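To start, the structure under review is shown below, and the notes come after it.
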Amino acid sequence: MSNENSSISSSTILSQVAVIGDQDTVVGFKAIGFDTFILEKKEGEDPSIMANKIISILRKSYKIIYITESLYMLAENEIEQYLANKPYPILTIVPSSSSQKNIAFDSMKKLVERALGGSFF
C-alpha cells in the first residue's frame, strides 16, 4: 500500500533548486531542470548592482541555491549577512570555468564538517 502524500515528485524537488552563474556554468544545470539565473558582471559595473541581483534571487522560495565562485566573491559580505540565521536557502558554491581559487572546495568542506561533525578531507 503506497501513501501518495509521502512521495515527492522530481519536478517538485527541481523547482526548489536554483543555479546562479555565468552562461557556460549554468547550461548543464538547466538541462536537468533546475531554475537558472545567468549573471555576468559587466566591465566597470558597480559590484553593489550584482549583489542586489543575487540577494533578490536568494529571497525567492528556493531551498538550495548553487552559485559560482566568482559571483559569490563579488557579494560575499552581502550574501553572508542575508543568510545569517536562516535555514534556507542552503547555498553551495560551485567552481566556474573561470575559477582560480578554492572557495568552492572550502565551502563544501565546511558543509560536510557541519553535517558530519568533523573533517574528512
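Based on what the data block shows, is Tyr66 surrounded by 11 or more Cβ atoms within 10 Å (Cβ to Cβ), under 19 Å from Leu39 (Cβ atoms), touching a Phe, Trp or Tyr at 6+ places or on another chain (Cβ under 9 Å) and modelled with pLDDT of 90 or more? Step through it out loud before you land on a result.
On the way: surrounded by 11 or more Cβ atoms within 10 Å (Cβ to Cβ): yes; under 19 Å from Leu39 (Cβ atoms): yes; touching a Phe, Trp or Tyr at 6+ places or on another chain (Cβ under 9 Å): yes; modelled with pLDDT of 90 or more: yes.
So Tyr66 passes the test.
In the stretch 31-49, which residue that is more than 14 Å from Ile20 (Cβ to Cβ) and aliphatic (A, V, I, L, M) is modelled with the highest pLDDT? First the steps, then the outcome.
Initial filter on the stretch 31-49 (more than 14 Å from Ile20 (Cβ to Cβ)): 31-33, 42-49.
Then drop every residue that is not aliphatic (A, V, I, L, M), which leaves 31-32, 49.
Values: Ala31: 87, Ile32: 87, Ile49: 92.
Per the stated criteria, the residue is Ile49.
Yes/no matrix, rows are residues, columns are (1) at pLDDT 90 or above; (2) part of a loop (DSSP other than H, G, I, E, B); (3) surrounded by 14 or more Cβ atoms within 10 Å (Cβ to Cβ); (4) among the polar types (S, T, N, Q):
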residue: Leu71; (1), (2), (3), (4): yes, no, yes, no
residue: Ile79; (1), (2), (3), (4): yes, no, yes, no
residue: Tyr82; (1), (2), (3), (4): yes, no, yes, no
residue: Ser97; (1), (2), (3), (4): no, yes, no, yes
residue: Lys101; (1), (2), (3), (4): no, yes, no, no
residue: Asp106; (1), (2), (3), (4): no, no, no, no
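May I ask you to verify whether Ser56 is at pLDDT 95 or above and in a helix (DSSP H, G or I)? Steps first, answer last, please.
Details: at pLDDT 95 or above: yes; in a helix (DSSP H, G or I): yes.
For Ser56, the condition - at pLDDT 95 or above and in a helix (DSSP H, G or I) - is met.
Residues that are part of a helix (DSSP H, G or I), out of contact with any strand residue (DSSP E or B) (no Cβ under 6 Å at 6 or more places or on another chain) and under 22 Å from Asp106 (Cβ atoms): does the stretch 26-44 have at least one?
Looking only at the stretch 26-44, we keep the residues that are part of a helix (DSSP H, G or I), and these are 26-31.
From what's left, out of contact with any strand residue (DSSP E or B) (no Cβ under 6 Å at 6 or more places or on another chain): 27-28, 31.
Now narrow it down to the ones that are under 22 Å from Asp106 (Cβ atoms): none.
Among the residues of the stretch 26-44, not one is part of a helix (DSSP H, G or I), out of contact with any strand residue (DSSP E or B) (no Cβ under 6 Å at 6 or more places or on another chain) and under 22 Å from Asp106 (Cβ atoms), which makes the answer no.
The values are calculated or read from the model by the stated rules, or taken from the named source; none is laboratory data. All values derive from a computational prediction rather than experimental measurement. Using ideal geometry, Cβ is built from the backbone for each residue, glycine included, and neighbour counts are taken over all protein chains shown.
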